[in-house]
Structures are given as structure tokens and as C-alpha cells.
Amino acid sequence: MFTIDFHHPIHIHFMGIGGISMSGLAEVLLQEGFSISGSDMKASDITAHLETLGAKVFIGQKASNLSKDIDLIVYTAAIHPDNEEFAAAKKAGIPMLTRAALLGQIMSNYEKSIAVSGTHGKTTTTSMLSHILLEACADPTISVGGILDRIDGNIRVGHSDVFITEACEYTNSFLELYPRYNIILNVEEDHLDFFSGIDEIIDSFHTFASQTAKDGLLIINGDMECLPLVTKDLAIPYVTVGLKPENTYTASDITFDEQGCGHYELIIKGEKSGHIDLNVNGMHNVTNSLAAIAVAKAMNLSMDAIKKGLLSFGGTKRRFEYKGTVNGITIIDDYAHHPTEIKATLTSAKNYPHRELWCIFQPHTYSRTKAFLSGFIDSLSSCDHVILADIFAAREADPGDIHSKDIVDGLLLKGCDAHYFSTFEQIEEFILKNCKENDLLITMGAGDVVLIGENLISR
């Protein structure tokens, strides 16, 4: 495998440079003096930003993008062998690395590396811990899977030995990482277009847990039923976080204010260790904050920095993000695209001031929609009104055996008010006619459903 060396910068070309993770890695390398070029299917604010930093960006993926001075190609899982640019690079014999392999190599250059993994909550927990590290003046390098206002983007290049990143299990990409501090937030069924089922997913997380540095620490959700399987025969130390009192890090006296934000007494090894105030809502964020605290304590950061960091974090883009109001209707956007995430978001919404709760849901990928059909129906059924948009295909072709209408049919059988519309314009018109003042509207999904709320506000 090709190995990069921070002391000897080279020319690296990124296929899919506009992606949230790829762009972050490209920016880190630009700051380290590497020559960076790349391609993407469309221009964006991200590609424009990279160009201001000195990257050469091509729109469209063609063989002509490849110059003779390229030393290494980095590509994402979305790039297939029949891609013209990819095929040309193979034919030319240019060394190639996956995005995950490059991330692992970058991480190895930092003594205090932190990986945040789990089926849900990676971006939020990474962001929480990033705020704590910044409050502690740790000068971290940060790579987060969303836009974080505190760093005005998804990447921050620091000058210390601290590096924090999200670690995704899809295609086992996180198995390229060997972090010193390793967070596993939860382990559930997902990405069933790659994994055969929950047993294979648990095995993957077990392997990842075992890759924690011997002088490091694993921080893991102690409330999971599969905890014994993930931690079986591990030769590295670990602590547990969660709401059960037997966890190493837990919370008591949990309350939620009028905006649904959590407040609690921190308990470490059975002892009260201070009062924590959060500026994000939901019980799931109490657990996320416990994981961030556990890493911060392992790094000997002060409780003052921990408290201030958590309170200063008001969420990331597309995670229960307030978008605005229209006709007295509050519009929130959320990235949730798994039944557990949907349930957590809608449960949080109950603590948010509103008359009736509306959810516009855009399922993400055909395989996920089919695999979790009953889960989507159950999790969405707590809403007063649900509107389904078409499935966002992402990397998949339509198999013809699953449709958003299947979710609507299931909700109607439960007695829920549910509707399907084939266009965003139809959804917007329906909302304007039927949503009332003081209602709460959540646009939800990992695709482009956020545009509906933005379009309504722009009207």
C-alpha cells in the first residue's frame, strides 16, 4: 500500500473532492504543503473553498483530469470501476488509496487521535468533543461530518498532536483506523446493502474496538445489549457510558427546559461530579455528551472546559436545526434516516413548544427503506401528520419493489394522518394550505428534503 509522508508532500488527486469527508482530508493536506487536485460531479461552496486554498478542482470526472505529475489517487466508495477517470488512473498505473485508508494514514501522524463511531450520533458527539477541546485550548485538528459553526465548516487544521474524526462502519471503512481514544456510541442494524445482518455488524465493531491503541481507551455505550459481544476478549481498557446507573459515566436528575435542552448531574464511578447544562435537546444527546466527557476526562481536560464546551454547542447543520418560521409555523431540519434516529428526534420534538407536529420524511436508499419498513412506520407514527417524499436513491438503482407509499399505507393502517406527494412543490403547497400557526414542521432525511423548508421560508 502507498504510504504518505507529512515530511515529503506530494501531488494527490481526489475523486469526489466535494464530499464532506474528502474535502476535509484535502484541506488538511493542503495545510501540510501537499499539492491537491480533484474532481466532482458538480460545483459547490465546498469546492469553491478548496480552490481558494490552492486546490485545482475539475467539474465532471474525465480521463483528461489526470495530469502526469499526480503521485496518488484517493477515491470514495461512490466511485465505481466503470468511472472514466477511475479507469484511466488504473490504466496509467497511478497508486490509489480509498478515502478511509488515507484517513487512517493521516490519523497516524497524531499522538492523541480520537475516533467517534456508532450507528447514530457521530457528528453530534464529534462536535461536542470538538467544542470541549477548543475551550481547553487543545488546538485540535477536527474532521467532522457536518457543518460546525464554531469552526465555520467541517474541518479545522490545528497545530497540536490532537486529531478527532468520525469513523464510519459502512464498507468496514473504520477498520483502517487505529485511534488512541475510541468511542462506540451504539451498534444497530444499518447499511444492509453491505452487511448481511446484525451479527456481521457486531463483529465489525468488535474488530474496530480491538484496534484501539494499547495505551489508549475505549469509550462504549454500556446500555447496549450487544456490549458483551463487542467487548469480548479485548486486551485494551474501556469505560462505559449510558443511562444505566452501573455505567462508569452516567447521569442523574435529568431535566429538560422549555426548548427541550437537557440538564443533569454527572455521575462518574458512582460519585457526583458536577452539573451539566446542554444547549441541544433530547435524551440521546445526554448519552452523546457522556461519551464526550469520558474522552475529555481521559485527556485530563478541566471540568470548566468540559462544562463550557458542552454549553457552547448549539448543534450542527441538519441536526434538529432551526431553519425559520413561515405563517407562524416553526421549521426544523434533521438528518435522521434510520428508525432509531427518527424516534429520538421526534421524542425530542415533544419537548419543543408546538401545537401539532408535522414531519416530511424522505427515505434514504431503497435497500434501507425495504429493510426497515416496519421500523419507519412505527417511529413516524408518533407524529400528528406525516408526509412522504420519494425515496432518495443515492448510490442505488430502483429495484421496483419498494416505494414511499408503502410507508404511508402502514401509517394509515395505524390510524395516522399520512400523505404521499411525488414532488417537493406539491408538498410545499399542501403544507401552506394545511399547517397552522404554532405548528412544528420537521423536514427529515439524509437527502435533499431540507430544500422544502428552505423553499417555504424563501416564499
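The values are calculated or read from the model by the stated rules, or taken from the named source; none is laboratory data. This one's a predicted model, so the numbers in the text were calculated from it and none came from an experiment. As a convention, Cβ positions derive from the backbone with ideal geometry for all residues, glycine included, and neighbour counts pool all protein chains shown. Areas reflect the complete protein model, heavy atoms only, side chains present, ligands, DNA and RNA absent. Shrake-Rupley method; radii C 1.70, N 1.55, O 1.52, S 1.80 Å.
Here ASP139 sits with roughly 50 square angstrom of accessible surface, probe radius 1.4 Å.
What is the dipole size for the chain, taken about its Cα centre, with +1 at each Lys and Arg Cβ and -1 at each Asp and Glu Cβ, in debye to the nearest 20? Don't jump to the answer; show the numbers that get you there.
Working: 35 positive and 60 negative charges, 122 e Å.
Roughly 580 debye for the chain.
Multiplying the residue separation of LEU451 and LEU412 by 0.36 nm and removing their Cα-Cα distance gives an extension gain of 11.4 nm.
Of all lysines in the structure, those lying under 21 Å Cα to Cα from LYS433, and not within fewer than 8 positions of it along the same chain, are LYS323.
Nonpolar atom fraction for the range 113-246, defined as the carbon and sulfur part of the 1.4 Å probe accessible area, stands at 49 percent.
Sequence-ordered 3J(HN,Hα) estimates for the range 311-323 from the Karplus curve with 6.51, -1.76 and 1.60 and θ = phi - 60° stand at 5, 6, 8, x, x, 10, 4, 6, 10, 6, 8, 5, 9 Hz, glycine and proline given as x. For the range 110-127, backbone phi angles converted through the Karplus equation (6.51, -1.76, 1.60; θ = phi - 60°) give residue-by-residue couplings of 10, 5, 9, 8, 10, 10, 10, 10, x, 5, 9, x, 4, 5, 5, 5, 4, 5 Hz, Gly and Pro being listed as x.
What does the extension gain come out to for ASN279 and GLU111, with contour length at 0.36 nm per residue minus their alpha carbon separation?
Working: separation 168, 0.36 × 168 = 60.48 nm, distance 3.06 nm.
That pair, ASN279 and GLU111, stretches by 57.4 nm at full extension.
For the range 65-77, putting each phi into the Karplus relation 6.51 cos²θ - 1.76 cosθ + 1.60 with θ = phi - 60° gives couplings of 6, 8, 8, 6, 8, 6, 9, 8, 10, 10, 9, 9, 5 Hz, in residue order, rounded to whole numbers and with x for Gly and Pro.
Gyration tensor analysis over the Cα atoms of the range 326-459 returns equivalent ellipsoid semi-axes of 22, 16, 13 Å (largest first, whole Å). Over the chain, accessible surface divided per residue gives 41 Å², non-protein components excluded, 1.4 Å probe. Orientation-averaged projection of the chain equals 21.9 nm² [convex hull of Cα atoms, one quarter of hull surface area]. Here MET41 and SER160 are evaluated by their C-beta separation; at R0 = 41 Å the FRET efficiency comes out at 0.70. Using 7 Å Cα-to-Cβ label points, what is the ILE236/LYS214 separation (nm, one decimal)? According to this spin-label approximation, the distance is 1.3 nm.
Report, ordered by chain and residue number, the lysines lying within cross-link reach of LYS269, taken as a straight Cα distance under 18 Å and ignoring same-chain residues fewer than 8 apart. Within reach: LYS244, LYS297. Accessible surface of GLU271, taken over heavy atoms with a 1.4 Å probe and every protein chain present, rounds to 120 Å².
Partners of LYS42 within straight-line reach, counting lysines whose Cα lies under 16 Å from its Cα and excluding those fewer than 8 residues away in the same chain: LYS56, LYS62. Here the gap between GLU271 and ASP398, fully extended at 0.36 nm per residue and compared with their Cα-Cα distance, gives a gain of 40.4 nm.
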